[in-house]
1. Going by average Cβ neighbours within 10 Å, how do the peptides 114-120, 28-34, 91-97 rank, with the highest at the top?
2. Leaving ligands, DNA and RNA out of it, rank K112, K36, K121, K157 by accessible area with a 1.4 Å probe, largest first.
3. Which value, in debye to the nearest 20, gives the size of the charge dipole of the chain about its Cα centre, when Lys and Arg are +1 and Asp and Glu are -1 at the Cβ?
4. Report the extension gain between N116 and R148 in nm, rounded to one decimal, defined as 0.36 nm multiplied by the number of residues separating them, less their alpha carbon distance.
5. Just want to confirm a number: the relative contact order over the chain, from Cα pairs under 8 angstrom separated by 6+ residues, in percent.
6. Determine the gain in length on full extension of the stretch R27-L52; use 0.36 nm per residue of separation and subtract their C-alpha separation, reporting nm with one decimal.
7. Using a probe of 1.4 angstrom, how much of the accessible area of the chain is carbon and sulfur, in percent?
8. Could you derive backbone 3J(HN,Hα) for the range 79-92 from the dihedral phi with the Karplus parameters 6.51, -1.76 and 1.60 (θ = phi - 60°), listing whole Hz in sequence and x where the residue is Gly or Pro?
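The values are calculated or read from the model by the stated rules, or taken from the named source; none is laboratory data. The model shown is predicted, which means the values in this text are computed figures rather than measured ones. No Cβ is skipped: glycine too gets one built from the backbone with ideal geometry, and neighbour counts run over all protein chains shown. Protein only, heavy atoms only, side chains kept; ligands, DNA and RNA dropped before computing areas. Shrake-Rupley method; radii C 1.70, N 1.55, O 1.52, S 1.80 Å.
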Amino acid sequence: MERTRPSWDEYFMQIAGQVATRATCPRRSVGAVIVKDRRILTSGYNGAPAGLQHCPSGGPDHDWPEGCMRGGHCIRTVHAEQNAIVQAALNGVSTRDATLYVTCQPCSNCAKMVINAGILKVVFDGDYPDDFAMEMFREAQIEVLRLRPDAGGVGEKLL
């Protein structure tokens, strides 16, 4: 029986999916992996800052402390992309010219960090429609692919 090897994009996206299983935010589980030259540099998942209490299991609308939600967004959670970039900074790992694999489209705040981190390519799956993030990626000339699990290893080039 011949096994089918995943493409590199599929492989790293599968790893990002596994990283997402560590997420502590009850609202959404997101995983991110930063890769350069087919080597994993760092990973990150979404959740409360290191050492701080996670959002309650009742969800971000739970009234502890005063809920985690403000304006429709969880204000306690650090995004997976942010955590992966911070891990690189903490460990002195350059993200220049790297690729970010993330299980959800980055938001505009994460897009700004991705651009400033020197990351040149973003591969994602999952919905988080943020048109401004895509505008910034376009202006920064960041290559963006959307990889669907059923796409057979071929990503849809968005930018």
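1. 28-34, 114-120, 91-97
2. I get K157, K112, K36, K121, largest accessible area first.
3. 440
4. In short, 8.9 nm is gained.
5. 20
6. Length difference between fully extended and current span is 7.3 nm.
7. After summing per-atom areas, the C and S share lands at 47 percent.
8. Here the 3J(HN,Hα) series is 6, 4, 4, 4, 4, 5, 5, 5, 4, 4, 5, 4, 9, x Hz.
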